[in-house]
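Data block below; observations after.
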Amino acid sequence: MTINKKIRLRFAPSPTGGLHMGGVRTALFSYLYAKKHNGDFILRIEDTDQTRYVPGAEEYIIESLKWCGIEPNEGVGFGDGPHAPYRQSERKDKGIYTKYVEQLINCGGAYYAFDTEEEIEAMRKKLEAAKVVSPQYNAITRESMRNSLSLSQDEVQKLLNQKTPFVVRLKVPRNEDIRFHDLIRGWITVSSKQIDDKVLLKSDGMPTYHLAHVVDDIEMEISHVVRGEEWLPSAPAHILIYKYLGLENTMPYLAHLPLILKPDGNGKLSKRDKSGLPMFPLNWHDVRTNEKYIGYKETGYIKDAFINMLALLGWNPGNNQEILSKQELITQFSFEKVNKSGAKFDPEKTKWFNQQYLKQYSDEQLAELVTPLLKEKSINKPTEFIIEFCKLIKEKAHFINEFYDLGIYFFEAPTQYAEAVILKKWNSDLKPLYTELTDKLNTLTQWNLQSIHDVFNDFTTQGKKIDMQLVRVLTTGLAGGAQLLDFLALLGKDEIIKRLKAGIQAQK
RNA sequence: GGCCCGUUCGUCUAGGGGUUAGGACGCGUCCCUUUCACGGACGAAACACGGGUUCGAUUCCCGUACGGGCUACCA
């Protein structure tokens, strides 16, 4: 295992779609570890599958990382470092992979295979019919296929000269235990019987993931490979490549993260979910399928809350602390504290996280965030009004963009009155009392919290029972809402008197 | 099917050979509140099952069950 190597981690997504929260978490853990150890964090784009390329995906990944504050110090969209380019398609053009392919072929770790799709399919069918447990291109079956191991040197040369399409496959030993260490799971042993002769170089000249990521991790001097658990089964094949290259002792540490599971039911997180919660950091529009997905940002999440929630999905600091700043996450992160089992992500708790962060914001900060959203609704109020509005409404809200909906009565007089409350508490006999209240309020020369409070107090001491919830309904139309007296004070005498009169008028 | 990985309250998790198995979300009750929240207090709620090892297993080992992942010229 490596020692004294500079800490360098990479996030290496494929631009095949929007980056969902599972990917963001992988990037986050890598970032945290790199930062903790004063290392580098790199963004590499693994675009070796031309058929799955989605326009806009790469930009989306970059924008998402930026919004999340998970910024690479090297890589596509973040400035070139010493190992440019950082896009695998461009690296392929520079011949980086073929160099390694040749080395692998020369040392006997890989071989040419000329089989057509149909031939491989036929082989599989045959094996399935014979009830072979895993019908694969492997140490046994390759003997009956057309490749540089079964064919004579002359034949191979002839096929090559004729420009016959070929792939390069990894020569996996027939029966050999491959043992490797995972930072999260410990030692894992897999028999090479289980591994097929993976394609390393495709017939279009592109490397596959298996080859490309190993080569790039070597070239980019990556110290730790952090990726999802779905890669665990193919890790032995990667070990083999390092081994053939003679780099087994300097290969990166491996950390396979548990998967994030969908909130309801079982299975991996999918792009869309019944919970209604976003699965993506930002709004994502797939131009190929024309599918649109909502993002955390646009839903009104605070990025640090999103990051905090994500960090605690599969990891914990080992104590009861749940709200951690990015700096705290960096100093406390370790792979030892990453869980082994998959985590269902909980929409309710996600909202709670955001609320915790919302509470930390000052009213002024909130006003700044809310003002543009109100402008969209053609609401232009003085800043002091918005600040006070935020102060009153923030405890009711989980999200910035809920402020308007939750506090619409700050800006518009009610047209309907909470039916349940009216039904339960109102009757026509009350009209004189509430009219008297209105008149009394109308006589106030000073309109503030204290003077309003005094008016209500006077009624109470005189034994006249004013129901505060009814006042709330008459002035806001709703059964619940912000601090009532503060609300009355903020809206001003004229508006409140007007609303009270209209409210009383509207009741039977 | 085969292989790999996993399994502590409904969910996220702490813990770890002897604990009243701790916290958080959600839920319930109460307090605070002239209204609504916030907040506070309390409560219900978990070691998948079966064998070992051991004086003692939730913790270690082995099975079983269940869940997940992988099984492409996709990553």
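The values are calculated or read from the model by the stated rules, or taken from the named source; none is laboratory data. Note that this is a predicted model, so its numbers are computed, not measured. Backbone-built Cβ (ideal geometry, glycine too); neighbour counts: all protein chains shown. To get the accessible areas, we keep the full protein, side chains included, count just its heavy atoms, and leave off ligands, DNA and RNA. Shrake-Rupley method; radii C 1.70, N 1.55, O 1.52, S 1.80 Å.
No other residue among A:LEU183, A:LEU170, A:LEU200 is under 28 Å from A:ARG25 (Cβ atoms) and in contact with a strand residue (DSSP E or B) (Cβ under 7 Å, 6 or more places away or on another chain) apart from A:LEU183. Here A:LYS381 meets the list (1) open to solvent by 70 Å² or more (accessible area, probe 1.4 Å); (2) more than 30 Å from A:HIS256 (Cα to Cα); (3) away from RNA strand B (no atom under 15 Å from the Cβ); (4) within 26 Å of the chain's Cα centre (by Cα) almost entirely, failing just condition (4).
Checked against (1) surrounded by fewer than 15 Cβ atoms within 10 Å (Cβ to Cβ); (2) under 42 Å from the mean Cα position of the chain (by Cα); (3) of a type in the set (Val, Ile, Thr); (4) within 12 Å of RNA strand B (Cβ to nearest atom), A:THR461 passes all but a single condition, namely (2). Does A:LYS391 count as open to solvent by 90 Å² or more (accessible area, probe 1.4 Å), within 16 Å of RNA strand B (Cβ to nearest atom) and either in contact (Cβ under 8 Å) with a residue 12 or more places away in the chain or hydrophobic (A, V, I, L, M, F, W, C) (or both)? So A:LYS391 passes the test. Looking only at residues of region A:75-97 that are in contact with a Gly (Cβ under 8 Å, 6 or more places away or on another chain) and not aromatic (Phe, Trp, Tyr), we find that the one that is most open to solvent (accessible area, probe 1.4 Å) is A:LYS92.
Residue by residue, here is whether (1) surrounded by fewer than 22 Cβ atoms within 10 Å (Cβ to Cβ); (2) more than 15 Å from RNA strand B (Cβ to nearest atom) holds:
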{"residue": "A:HIS210", "(1), (2)": "yes, no"}
{"residue": "A:VAL214", "(1), (2)": "no, no"}
{"residue": "A:VAL225", "(1), (2)": "no, no"}
{"residue": "A:ILE241", "(1), (2)": "no, no"}
{"residue": "A:GLU248", "(1), (2)": "yes, yes"}
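A count restricted to region A:437-458 and to residues that are more than 9 Å from RNA strand B (Cβ to nearest atom) and over 17 Å from A:LYS498 (Cβ atoms) stands at 6.
The set of residues from region A:333-367 being modelled with pLDDT of 90 or more and either more than 16 Å from RNA strand B (Cβ to nearest atom) or at positive phi (or both) comprises A:GLU364, A:ALA367.
Selection of first residues in region A:296-311 that are of a type in the set (Val, Ile, Thr) and of second residues that are not in a helix (DSSP H, G or I), restricted to Cβ pairs under 8 Å at least 6 apart or on distinct chains, gives the following pairs, ordered by first then second residue: A:THR299/A:LEU277; A:THR299/A:PRO278; A:THR299/A:PHE399; A:ILE302/A:TYR361; A:ILE307/A:GLY69; A:ILE307/A:ILE70.
Applying the criterion of being in contact with a helix residue (DSSP H, G or I) (Cβ under 7 Å, 6 or more places away or on another chain) and within 10 Å of RNA strand B (Cβ to nearest atom) to the residues of region A:181-203, the residue that is nearest to A:LEU254 (Cα to Cα) is A:ILE184.
Here A:SER341 passes the criteria (1) surrounded by 13 or more Cβ atoms within 10 Å (Cβ to Cβ); (2) in contact (Cβ under 8 Å) with a residue 40 or more places away in the chain except the one numbered (1). If you go through region A:269-314 and keep only what is surrounded by 21 or more Cβ atoms within 10 Å (Cβ to Cβ), in contact with a Pro (Cβ under 7 Å, 6 or more places away or on another chain) and more than 17 Å from A:HIS398 (Cβ to Cβ), you end up with just A:GLY314.
In region A:127-160, the residue that is surrounded by the fewest Cβ atoms within 10 Å (Cβ to Cβ) out of those that are away from RNA strand B (no atom under 13 Å from the Cβ), under 17 Å from A:ILE195 (Cβ atoms) and touching a residue at least 12 places away in the same chain (Cβ under 8 Å) is A:ILE140.
Screening A:ALA34 on (1) farther than 21 Å from A:ARG91 by Cβ; (2) assigned to a loop (DSSP other than H, G, I, E, B) shows it passes everything except condition (2).
State yes or no: is A:ARG124 within 11 Å of RNA strand B (Cβ to nearest atom), modelled with pLDDT of 95 or more and surrounded by 12 or more Cβ atoms within 10 Å (Cβ to Cβ)? No.
The requirement of being part of a helix (DSSP H, G or I), within 10 Å of RNA strand B (Cβ to nearest atom) and under 38 Å from the mean Cα position of the chain (by Cα) is fulfilled somewhere in region A:80-90, by at least one residue. When region A:437-453 is filtered for residues that are surrounded by 13 or more Cβ atoms within 10 Å (Cβ to Cβ), free of Cβ contacts under 8 Å to residues at least 24 places away in the same chain and not hydroxyl-bearing (Ser, Thr, Tyr), only A:LYS440 remains.
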